[in-house]
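The values are calculated or read from the model by the stated rules, or taken from the named source; none is laboratory data. Bear in mind the structure is a predicted one, so any value in this text is a computation, not a measurement. We place every Cβ from the backbone using ideal geometry, glycine too, and count neighbours over all the protein chains shown. SASA here: full protein model, heavy atoms, side chains in, ligands and nucleic acids out. Shrake-Rupley method; radii C 1.70, N 1.55, O 1.52, S 1.80 Å.
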Amino acid sequence: MSDHEQQQTAPRRGKVLDALARAERKVFTRPAPKSANAQVKFLLTRAKGSTKALAERLGVSRRTVERYRAGKLKTPQKRLQAALVEETESEWQPQVRAQARAQASTSRGMMVEVTAYFGFTCTGSSDDGRERQITTDISPTYVKQILELQEAGATEEDLHPIVAEAITESYFTEWGTRADGLRADFTSVSSISFRF
């Protein structure tokens with residue numbers, strides 16, 4: 001399969017998954033490697049020195065990985081550069097990320113800021129659906145569910161209902177103190193960000 005074919009078939013992450021990845025990057029205590037050479041060397045340590053495994057992961061040839069490791073190639077094409085950044089950041093400081101995730105899912109919770117179209121179903125009356133910008137805390141119970149789904153490889157569509165339920169609980173029903181039975185769903189997410 002050519003690089004072009006791989007690029008066409010590669011699944012795109014959605015806005016919720018990207019927002020979770022950005023939130024994790026914000027907890028890093030040291031910056032991740034920036035140069036292609038440093039990123040390849042770091043990823044090779046994670047791949048136990050296997051240039052073949054790293055090449056498959058990045059969607060390039062083994063020889064390309066060896067050239068970047070040796071410093072013979074320095075400026076990757078956009079697709080490879082994006083893959084290097086994503087793979088490096090996904091492997092960088094796993095203990096720091098794990099600690100932030102554990103605290104968020106047991107005691108602290110997370111903050112979410114979202115602009116999306118919210119529609120409602122409930123007993124009684126409610127506002128018609130519309131685009132809203134909402135900033136609210138999410139309880140540790142929902143954070144745990146969201147992070148577990150992310151770890152299990154959930155899609156964007158799998159995460160939308162649980163994030164909407166978390167926002168409904170904290171923002172619309174104020175932790176069960178009003179609007180009993182209200183359920184909000186969101187679609188057309190314009191922007192979303194999380195903060196541990």
Residues in region 169-182: is at least one open to solvent by 40 Å² or more (accessible area, probe 1.4 Å), among the small types (Gly, Ala, Ser) and free of Cβ contacts under 8 Å to residues at least 12 places away in the same chain?
yes
Could you run through region 9-61 and say how many residues are open to solvent by 20 Å² or more (accessible area, probe 1.4 Å) and more than 14 Å from the chain's Cα centre (by Cα)?
25
Take the conditions in contact (Cβ under 8 Å) with a residue 60 or more places away in the chain and under 17 Å from residue 16 (Cα atoms) and apply them to residue 120. Does it pass?
no
Looking at 182, 147, which one is closer than 16 Å to residue 111 by Cβ and not aromatic (Phe, Trp, Tyr)?
147
Residues of region 29-52 satisfying the condition of being part of a loop (DSSP other than H, G, I, E, B) and touching an Asp or Glu at 6+ places or on another chain (Cβ under 8 Å)
32
Of the residues in region 169-196, those that are among the hydroxyl-bearing types (Ser, Thr, Tyr) and over 21 Å from residue 117 (Cβ atoms) number 1
Are any residues in region 62-96 surrounded by fewer than 16 Cβ atoms within 10 Å (Cβ to Cβ), at negative phi and outside any helix (DSSP H, G or I), and if so, which ones?
72, 74, 75, 77
Consider only pairs whose beta carbons are under 9 Å apart and that are at least six residues apart or on different chains; among these, list those whose first residue lies in region 26-39 and is within 26 Å of residue 104 (Cα to Cα) and of a type in the set (D, E, K, R) and whose second residue is open to solvent by 100 Å² or more (accessible area, probe 1.4 Å) and outside any loop (DSSP other than H, G, I, E, B).
26/195
Exactly one condition in (1) in a helix (DSSP H, G or I); (2) touching a residue at least 12 places away in the same chain (Cβ under 8 Å); (3) more than 30 Å from residue 171 (Cβ to Cβ) is not met by residue 55; state its number.
(2)
